[in-house]
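Asker: Structure incoming, see below.
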Amino acid sequence: MHDYQTLRLEAQGAVLFVTIDAPPMNLLGPELVRDLVLLIEVLDQGEPYKVVVFKSADPDYFISHVDVHKIAAYRQEAARLTGEASIALLFRRLAETKAVTVAQVEGRTRGAGNEFILNCDMRFAARGRAIFAQNEAAYGLVPGGGGAQHLVRMLGRGRALEVMLSADDFDADLAEHYGWINRAFAPEVLAPFVTDLAHRIAGFPAAGLTLIKERTNAISLAPVEDFRRDSDLFGSAVTNAEAQQRIKAAIELGFQTRAAEMNLGELLRKLAK
Amino acid sequence: MHDYQTLRLEAQGAVLFVTIDAPPMNLLGPELVRDLVLLIEVLDQGEPYKVVVFKSADPDYFISHVDVHKIAAYRQEAARLTGEASIALLFRRLAETKAVTVAQVEGRTRGAGNEFILNCDMRFAARGRAIFAQNEAAYGLVPGGGGAQHLVRMLGRGRALEVMLSADDFDADLAEHYGWINRAFAPEVLAPFVTDLAHRIAGFPAAGLTLIKERTNAISLAPVEDFRRDSDLFGSAVTNAEAQQRIKAAIELGFQTRAAEMNLGELLRKLAK
Amino acid sequence: MHDYQTLRLEAQGAVLFVTIDAPPMNLLGPELVRDLVLLIEVLDQGEPYKVVVFKSADPDYFISHVDVHKIAAYRQEAARLTGEASIALLFRRLAETKAVTVAQVEGRTRGAGNEFILNCDMRFAARGRAIFAQNEAAYGLVPGGGGAQHLVRMLGRGRALEVMLSADDFDADLAEHYGWINRAFAPEVLAPFVTDLAHRIAGFPAAGLTLIKERTNAISLAPVEDFRRDSDLFGSAVTNAEAQQRIKAAIELGFQTRAAEMNLGELLRKLAK
């Protein structure tokens, strides 16, 4: 295995369990992006791993969101895979990788964290614990990692707009109801269900799994240009004065700290004016 | 403010509450279309109103449907905005306006009324009170205001066909279940929820809201040609003998009266033969 | 009426009830395909039948799946309608036929059986009895009859991938929750509901029904090339050694027998390795 700093890998036959472990709150910074690049290169081979399950070492945070202090740095790490400094194109490559990808979400995942799971093939979550948000609107930004591309196609125009424009937190039950995740399970049932599903799929021939992904992506995965456009819109807007002022105000309220982000949806409400 | 005949406007900061008030049953006639044209011109500016909430002064009717006695007249009013005598293109312009649009539905909305809310950005409804229908099939017509374009994309082919071919009434719970509306709420909870959501969104920077709408429309709003085609198909079919005979028979049964339309789904069943 | 071997037809006014009766388990073999070709030619006329309801004479099986011993033969029968030996193109023609098509599912329908109902206009099912699966992945295959085209568009990328990659059985409640079927009903309510709906629709003018189908298909029915591509991928993969070995192993476990397929989802699990 590669030398990962923020991911712990455990293989069980053709199933690879990947635990995201980037304390203090699994921010998407350069280290995690570097590790995801390495991992995708492994998953692209389709062998020996047919299925990968992503989970978190942190019960409260899956991937919290990007580290707003390190945007240039993490984008540069993404370029090692795609040639372009863009999280959107990195995540789109995840959606195209040969291995089947499953997100097992027990805690919070927002912004680019939510875009990570949207680019996985399936999403299952712990009822009463998991929280989802696509909250760039609070800062005057658009989702930059493909969030709009997946949310609009899966939830439909009305619910996707509610998610993105409200910038609010959605629990696992509502996320399931909206088709944002496949299903919500009681926390004690989640891991056994996902593990069983992963092994079941991994027992089937690799060629069929890959071909089903290809045919599905041909229908539902937005073109590279659209991911790139979202990424560029995020990148140019994040440097403007209003966005920077909103991000600064959020940080003063506790943004990018574990405690304050337990209830980030409410924190962002205070930001509104 | 303009001099509206059928709309009552109340601004609360950057949120504009628009109450549809066109007695006796909020038919979509030339006056209401004229007012919607004026309003969209305001909303297109994106300032000072970032969010608009549509509701009805009539507890039983949101927008009942078009006034079948005034089709040429209301279409002509729509042309003042789009240059074409078509409700479909007017409603599509609503879907593209800069302000975020929210429909708060407490009563019945059918035909073009339903197409109005489908071209809003979000839809919330009162459980046990709101009723939805896309019922042109009962007269041998197709939805002429973009209904098919939105229903098929949001509900999927099977459920959209059920809605349009059955021409039947759907309550708020089933509409929520089908993804037709965002969510159904108990009547006393609906207005507080929508008001809170509107103010939350209006507290965020206008540029991001507009950009999120643009990116979403690029994915999910059907091309002008498809709206125009639906509109033309409706316009040419509505004048043929069979449609005119069915509309006449419906009027004899009480169509376009408050009392009979409380249960229009059943009235249309009597029309079938 | 034509001389059908596997279909029983009963007309009630403009509604045609078609009962699939191909013992011992309603496999899709050359006889059933031949009969479907004949039937589609009738439905294409749009008169005298405006609505057709498909149901099964077998309480446990709607259409179980293709007869794996007769793939070349049933494909050849399909060519009589479309000129191409492909179930996908036959089913796509069903989706385009003038009559409105409704599947009333009381038992199991998997693989091509599921693709048959996906190409109907609406699907209603018996709660606690109906079972759905798109399970080609278990053999290293892709759905060859348009399953991916419909599932991805109706269920969204994540749920469609779960359905196809897991190759598992889904009950009527979960199928309804995922938007795979329109609605699930208690078994004693299903037939009355569907019969009533069929007669309601059949009471409306034929021209409008056909036009609504056309407009809906223009939005949501995948192009012929995509159906053909799925069909070709299935056809070429089904002859390779791995697929043949998996199918042989399944047959040894009871595949293509009534008893073993009552719980086919579990049988396929044993196939995994």
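Asker: Counting just the residues of the range B:254-273 that are within 14 Å of chain C (Cβ to nearest Cβ) and in a loop (DSSP other than H, G, I, E, B), which one comes out farthest from B:Gly146 (Cα to Cα)?
Answerer: Across the range B:254-273, the extreme among qualifying residues is B:Lys273.
Asker: Over 15 Å from the mean Cα position of the chain (by Cα), assigned to a strand (DSSP E or B) and among the hydrophobic types (A, V, I, L, M, F, W, C): does that describe A:Leu38? Give the derivation first.
Answerer: Values: over 15 Å from the mean Cα position of the chain (by Cα): yes; assigned to a strand (DSSP E or B): no; among the hydrophobic types (A, V, I, L, M, F, W, C): yes.
The answer is no for A:Leu38.
Per-residue answers, yes or no, for (1) in contact with a helix residue (DSSP H, G or I) (Cβ under 8 Å, 6 or more places away or on another chain); (2) in contact (Cβ under 8 Å) with a residue 12 or more places away in the chain; (3) in a helix (DSSP H, G or I):
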| position | (1), (2), (3) |
| --- | --- |
| A:Asp173 | no, yes, yes |
| A:Ile181 | yes, yes, no |
| A:Leu197 | yes, yes, yes |
| A:Thr210 | no, yes, yes |
| A:Arg215 | yes, no, yes |
| A:Ile219 | yes, no, yes |
| A:Arg228 | yes, yes, yes |
| A:Leu233 | yes, yes, yes |
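Asker: Just to be sure I understand, how many residues within the range C:245-268 are without any contact (Cβ under 8 Å) to a residue 12 or more places away in the chain and surrounded by 15 or more Cβ atoms within 10 Å (Cβ to Cβ)?
Answerer: Qualifying residue count for the region: 1.
Asker: Still on this structure, I have one more. Restricting the search to the range A:167-205, which residues are of a type in the set (Ser, Thr, Tyr) and over 19 Å from the mean Cα position of the chain (by Cα)?
Answerer: A:Thr195
Asker: Of the residues that make up the range A:115-125, is at least one more than 19 Å from C:Arg159 (Cα to Cα) and either away from every other protein chain (no Cβ under 13 Å) or surrounded by fewer than 24 Cβ atoms within 10 Å (Cβ to Cβ) (or both)? Give the derivation first.
Answerer: Step one: list which residues in the range A:115-125 are more than 19 Å from C:Arg159 (Cα to Cα), which gives none.
No, because not a single residue in the range A:115-125 is more than 19 Å from C:Arg159 (Cα to Cα) and either away from every other protein chain (no Cβ under 13 Å) or surrounded by fewer than 24 Cβ atoms within 10 Å (Cβ to Cβ) (or both).
Asker: Which is surrounded by fewer than 19 Cβ atoms within 10 Å (Cβ to Cβ) and either part of a loop (DSSP other than H, G, I, E, B) or touching a Cys at 6+ places or on another chain (Cβ under 9 Å) (or both), of C:Gln76, C:Gln5?
Answerer: C:Gln5
Asker: Answer yes or no: is there a residue in the range A:222-229 that is closer than 29 Å to C:Arg157 by Cα, within 11 Å of chain C (Cβ to nearest Cβ) and either over 20 Å from the mean Cα position of the chain (by Cα) or crowded, with 17+ Cβ neighbours inside 10 Å (or both). Step through it out loud before you land on a result.
Answerer: Filtering the range A:222-229 for residues closer than 29 Å to C:Arg157 by Cα gives A:222-229.
From what is left, the residues that are within 11 Å of chain C (Cβ to nearest Cβ) are A:222.
From the residues that got through so far, the ones that are either over 20 Å from the mean Cα position of the chain (by Cα) or crowded, with 17+ Cβ neighbours inside 10 Å (or both) too are A:222.
Yes, some residue in the range A:222-229 is closer than 29 Å to C:Arg157 by Cα, within 11 Å of chain C (Cβ to nearest Cβ) and either over 20 Å from the mean Cα position of the chain (by Cα) or crowded, with 17+ Cβ neighbours inside 10 Å (or both).
Asker: Quick one: which of A:Leu174, A:Leu197, A:Leu233 is at pLDDT 95 or above, within 11 Å of another protein chain (Cβ to nearest Cβ) and in contact with a strand residue (DSSP E or B) (Cβ under 8 Å, 6 or more places away or on another chain)?
Answerer: A:Leu197
Asker: Quick one: A:Glu242 ticks every box in (1) of a type outside the set (Gly, Ala, Ser); (2) part of a helix (DSSP H, G or I); (3) more than 30 Å from C:Ala222 (Cβ to Cβ); (4) more than 8 Å from every other protein chain (Cβ to nearest Cβ) bar one, so which box is it?
Answerer: So A:Glu242 meets the others, but not (4).
Asker: Would you mind telling me which numbered condition in (1) in a loop (DSSP other than H, G, I, E, B); (2) more than 8 Å from chain B (Cβ to nearest Cβ); (3) buried (at least 24 other Cβ atoms within 10 Å of the Cβ) A:Leu141 fails?
Answerer: (2)
Asker: Look through C:Ala11, C:Ala88 and report the one residue that is of a type in the set (Gly, Ala, Ser), in a strand (DSSP E or B) and at pLDDT 95 or above.
Answerer: Of C:Ala11, C:Ala88, the one residue that is of a type in the set (Gly, Ala, Ser), in a strand (DSSP E or B) and at pLDDT 95 or above is C:Ala11.
The values are calculated or read from the model by the stated rules, or taken from the named source; none is laboratory data. The structure presented is a predicted model; accordingly, all values stated were derived computationally and were not measured. Note that we place each Cβ from the backbone using ideal geometry, even for glycine, and neighbour counts take in every protein chain shown.
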